[in-house]
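Undergrad: Sharing a structure here in structure tokens format.
The values are calculated or read from the model by the stated rules, or taken from the named source; none is laboratory data. Keep in mind that this is a model prediction, so the values were computed, not measured. Don't worry about glycine lacking a Cβ; one is built from the backbone with ideal geometry, like all the others, and counts go over all protein chains shown.
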Amino acid sequence: MALALAEKILNAHIVDGKPEKGSEVGLKIDQTLTQDATGTMAYLEFEAMGVPRVKTERSVAYIDHNTLQNGFENADDHRFIGSVCKKHGIYFSRPGNGICHQVHLERFGAPGKTLIGSDSHTPTGGGIGMIAIGAGGMDVAVAMGGGAYYITYPQIVNVRLTGKLQPWVAAKDVILEVLKRLSVKGGVGKIIEYSGDGVKTLSVPERATITNMGAELGATTSIFPSDEVTKSFLKAQGRESVYVPLSADDGAVYDEVVEIDLGALVPMAACPHSPDNVKTCEEIGKLKIDQVCIGSCTNSSLLDMLKVAYILKGKTVYPDVSLSIAPGSKQVLNMLAENGALSVMIDAGARILESACGPCIGMGQSPNSAGISLRTFNRNFEGRSGTKDGQVYLVSPELAAASALTGYLTDPRTLGDMPDFEIPKEFKINDNMIVPPVSESKMDSVEVLRGPNIKPFPSAQPLSDVISAQIALKVGDNITTDHIMPAGAKILPLRSNIPKISKFCFAVCDEAFPDRALALGKSIVVGGSNYGQGSSREHAALAPMYLGVKAVITKSFARIHMANLVNAGILPLTFVNEADYDAVSQGDTLTIEAPAKQLEAGDEVTVTNTTTGKAFKTKASLSDRQKAILTAGGLINYTGKKN
């Protein structure tokens, strides 16, 4: 039987279940990654499992999110993560070494391998032919301990690329076109697999931009073939030995096919406040801008930076525009410094930031009140920039740089002829900011260092005989994990302190929610469609769990967040009849009788609104394993019970 590329890699890694669409399978995981905003909790969870040393081929911890050390909390977390890594067999990428996805692509990723990371943009690894999936920290902890990672065996969508991008049209425009067609919900339960003659015209960094933003489709992951372009990139990184050619079989059958002529694309932007709100430059018109931010894990490669430097050379940033640039890794920053491109950026008036996530997660560079900000990032959710009324547009580095010079949204095709930008034959390789773990014989001598902000992992309770609780909050469609558990310089340092960070839970929607939920003791949250889209942050499940949320009932869930709710012991249910969403109100009391027995009997769960006296049907789209996790009170309890 002819197989898609994604199917080949998945099937080779299945250790539990069968490769049948819609059924749950457990995958052997070759590599894991964490970042510091999610990593502290992931390593507390790993410690709670009692596994002395990671069992993956390679696990790496990156410091790239909480790099603003305004107080002791972030520095303490970094010290804790570094000591855990040294003791338990994990490689530690120090602050300043770069953004996890950029560095992993450069130094660790390998075609045909499986990778899960506690960051939703882990699918960046699909740019070199990996099955790379974003997951909650608890799932990553289990994988580090040798456990399988479970997903619903996905549908495969084939995006066939033909032709070649026109000058100054970018890889960012490719993924914006896909988002425009499929929407932020269009990839749920699917893997996006790229093929066609157009693939060979795209470099690895360009492919990685596309797979990175596949996360905004809600997709399980995205993947490109591993070909001669991949081989050249790995050779330039001194890692040709990990190269293997990988592609779909001739005659592979896909669940859906999307055709895109690269030559027909034009420069575009995702308008506020959603990555799928995509319009062409022409449709947007002459938009005055206040800020430009270039970087993030989506567009901070050397190739991106060289294009930006070319556009800025000999010119000056428009007086009313603030331009900030964050190279994605130490390797990129070093090479920019050596070839003179960094000096070009500085001469033009750019503000050079460290190699970290920075503005993408609201860590500095917030725009002015109601400011228009062009960003080469992957998300433009309301308030994510740190300015509540900020208007964020997602664009390519080419469009961003051109606009920084004019003060208005500017089509980069007005720049004239475009030179050929090529990947260097050799990258500058210096891994001195990656600390290897100690040998197994020396691990007992390593002390794990904990600061006062690091609190124990909160414990969840087994599923009770009856859930009867008030609806503490009712929200609408497309609620993101930024709504549920905001980021930013004020909140991110509390990621290892669930009691404190929970005080900000749902603050974007209702500042009174944390106090109300705590006062109720136990409660239920009701949401609309695509609830929990965005970041993989499991704190969006852990904080509600700490506040006493027992169930979340929605029209539909985003994949990672639903899994995180299960892992935290919170019952995720969807309305069988979406009209029942309109029939419940915040403050109503809902009752679920014998939830464990109802789950055991099937997928249908009856909920009674005791305030109105009306019952309605919900669906628990869960595997038997997930039902057992919920009954036990979460993944930690379930894992401990099994062992």
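Undergrad: What are the residues in segment 293-336 that are over 19 Å from His104 (Cα atoms) and in contact with a strand residue (DSSP E or B) (Cβ under 7 Å, 6 or more places away or on another chain), if any?
TA: Cys293, Ile294, Val308, Val317, Val321, Ser322, Leu323, Ser324, Ile325
Undergrad: For a quick check of your reading: which strands (runs of 3 or more DSSP E) sit entirely within segment 168-270 and have at least 3 residues that are buried (at least 22 other Cβ atoms within 10 Å of the Cβ), outside the structural domain of Asn158 (by TED's automatic domain parsing) and at pLDDT below 95? Break it down stepwise before answering.
TA: On the way: elements: 190-195, 221-223, 256-261, 268-270.
So the answer is none; nothing clears 3.
Undergrad: Could you list, in sequence order, the residues of segment 66-82 that are out of contact with any strand residue (DSSP E or B) (no Cβ under 6 Å at 6 or more places or on another chain), buried (at least 22 other Cβ atoms within 10 Å of the Cβ) and free of Cβ contacts under 8 Å to residues at least 60 places away in the same chain?
TA: Within segment 66-82, His78 is the sole residue that qualifies.
Undergrad: Looking at segment 416-434, is at least one residue of a type in the set (A, V, I, L, M), outside the structural domain of Gly214 (by TED's automatic domain parsing) and modelled with pLDDT under 95? Steps first, answer last, please.
TA: Residues of segment 416-434 that are of a type in the set (A, V, I, L, M), as a first pass: 418, 423, 429, 433-434.
After this cut, where a residue has to be outside the structural domain of Gly214 (by TED's automatic domain parsing) as well, the list is 418, 423, 429, 433-434.
Subsequent filtering for residues that are modelled with pLDDT under 95 retains 423.
Yes: one or more hits.
Undergrad: I've got another one for you. Filter segment 135-150 down to the residues that are surrounded by fewer than 24 Cβ atoms within 10 Å (Cβ to Cβ) and either within 17 Å of the chain's Cα centre (by Cα) or assigned to a strand (DSSP E or B) (or both) and list them by number. Step through it out loud before you land on a result.
TA: Residues of segment 135-150 that are surrounded by fewer than 24 Cβ atoms within 10 Å (Cβ to Cβ), as a first pass: 145-150.
Correct list: Tyr149, Tyr150.
Conditions (1) farther than 22 Å from Ala348 by Cα; (2) at pLDDT 95 or above; (3) not aliphatic (A, V, I, L, M), marked per residue:
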{"site": "Glu283", "(1), (2), (3)": "yes, yes, yes"}
{"site": "Asp290", "(1), (2), (3)": "no, yes, yes"}
{"site": "Leu302", "(1), (2), (3)": "no, yes, no"}
{"site": "Leu306", "(1), (2), (3)": "no, yes, no"}
{"site": "Lys313", "(1), (2), (3)": "no, yes, yes"}
{"site": "Val317", "(1), (2), (3)": "no, yes, no"}
{"site": "Asp320", "(1), (2), (3)": "no, yes, yes"}
{"site": "Leu323", "(1), (2), (3)": "no, yes, no"}
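Undergrad: Out of the residues in segment 24-42 that are at pLDDT below 95 and of a type in the set (Ser, Thr, Tyr), which is surrounded by the fewest Cβ atoms within 10 Å (Cβ to Cβ)?
TA: Only one residue tops the list, namely Thr38.
Undergrad: Name the single residue, out of those in segment 93-134 being basic (Lys, Arg) and in a loop (DSSP other than H, G, I, E, B), that is nearest to Pro245 (Cα to Cα).
TA: Lys113
Undergrad: Follow-up. Restrict the check to segment 566-576 and report whether at least one residue is buried (at least 23 other Cβ atoms within 10 Å of the Cβ), outside the structural domain of Gly137 (by TED's automatic domain parsing) and farther than 17 Å from Ile467 by Cβ.
TA: Checked segment 566-576: at least one residue is buried (at least 23 other Cβ atoms within 10 Å of the Cβ), outside the structural domain of Gly137 (by TED's automatic domain parsing) and farther than 17 Å from Ile467 by Cβ.
Undergrad: Given the condition in contact with a Ser or Thr (Cβ under 8 Å, 6 or more places away or on another chain), in a strand (DSSP E or B), closer than 21 Å to Ile636 by Cα and outside the structural domain of Ser296 (by TED's automatic domain parsing), answer yes or no: does some residue in segment 67-86 qualify?
TA: Looking for residues that are in contact with a Ser or Thr (Cβ under 8 Å, 6 or more places away or on another chain), in a strand (DSSP E or B), closer than 21 Å to Ile636 by Cα and outside the structural domain of Ser296 (by TED's automatic domain parsing), one finds none in segment 67-86, hence no.
Undergrad: It is to be established whether one or more residues within segment 53-60 are closer than 15 Å to Val438 by Cα, in contact (Cβ under 8 Å) with a residue 12 or more places away in the chain, part of a strand (DSSP E or B) and among the β-branched types (Val, Ile, Thr).
TA: yes
Undergrad: Would you be able to tell me the number of residues in segment 14-51 that are of a type outside the set (Ser, Thr, Tyr) and closer than 30 Å to Lys455 by Cβ? Don't jump to the end; show me each part of the working.
TA: So in segment 14-51, the residues of a type outside the set (Ser, Thr, Tyr) come out as 14-22, 24-31, 33, 35-37, 39, 41-42, 44-51.
Add one more test, that the residue is closer than 30 Å to Lys455 by Cβ, and what stays is 29, 31, 33, 35-37, 39, 41-42, 44-51.
Looking only at that region, the number is 17.
Undergrad: Count, please, the residues in segment 493-531 that happen to be part of a helix (DSSP H, G or I) and of a type outside the set (Val, Ile, Thr).
TA: First, pick out the residues of segment 493-531 that are part of a helix (DSSP H, G or I): 493-494, 498-504, 513-520.
Filter once more, keeping what is of a type outside the set (Val, Ile, Thr): 493-494, 499-500, 502-504, 513-520.
Qualifying residue count for the region: 15.
Undergrad: A further question follows. Name the residues in segment 12-40 that are part of a helix (DSSP H, G or I) and out of contact with any Leu (no Cβ under 7 Å at 6 or more places or on another chain), would you?
TA: Going residue by residue through segment 12-40, those that are part of a helix (DSSP H, G or I) are 12-13, 36-40.
If the condition is that a residue be part of a helix (DSSP H, G or I) and out of contact with any Leu (no Cβ under 7 Å at 6 or more places or on another chain), then Ala12, Asp36, Thr38, Gly39, Thr40 are the ones that fit.
Undergrad: Here is a further query. In this structure, is Leu571 modelled with pLDDT of 95 or more and of a type outside the set (Ser, Thr, Tyr)? Lay out the reasoning, then the answer.
TA: Numbers: modelled with pLDDT of 95 or more: yes; of a type outside the set (Ser, Thr, Tyr): yes.
The answer is yes for Leu571.
Undergrad: Let me ask something else. Among (1) at pLDDT below 95; (2) out of contact with any His (no Cβ under 8 Å at 6 or more places or on another chain); (3) surrounded by 24 or more Cβ atoms within 10 Å (Cβ to Cβ), where does Leu492 come up short?
TA: (2)
Undergrad: Still on this structure: Give me the pairs: first residue in segment 112-134 and at positive phi, second residue assigned to a strand (DSSP E or B), beta-carbon distance under 9 Å, and six or more apart or on different chains, which are they?
TA: Partner pairs satisfying both residue conditions: Gly112/Ile131; Gly112/Ser226; Gly112/Leu246; Gly129/Ile223; Gly129/Ser226; Gly129/Leu246.
Undergrad: So, in segment 605-643, of the ones that are within 23 Å of Asn567 (Cβ to Cβ), assigned to a strand (DSSP E or B) and not aliphatic (A, V, I, L, M), which residue ends up farthest from the chain's Cα centre (by Cα)?
TA: Filtering segment 605-643 for residues within 23 Å of Asn567 (Cβ to Cβ) gives 605, 607, 618-643.
When the remaining residues are screened for being assigned to a strand (DSSP E or B), the result is 605, 607, 618-619.
Retained after the next criterion (residues that are not aliphatic (A, V, I, L, M)): 618-619.
On the way: Thr618: 28, Lys619: 26 Å.
Checked segment 605-643; the qualifying residue farthest from the chain's Cα centre (by Cα) is Thr618.
Undergrad: Quick check: anything in segment 307-326 within 30 Å of Thr34 (Cβ to Cβ), without any contact (Cβ under 8 Å) to a residue 60 or more places away in the chain, of a type outside the set (D, E, K, R) and surrounded by fewer than 24 Cβ atoms within 10 Å (Cβ to Cβ)?
TA: Within segment 307-326 (the criterion being within 30 Å of Thr34 (Cβ to Cβ), without any contact (Cβ under 8 Å) to a residue 60 or more places away in the chain, of a type outside the set (D, E, K, R) and surrounded by fewer than 24 Cβ atoms within 10 Å (Cβ to Cβ)), the answer is yes, since at least one residue qualifies.
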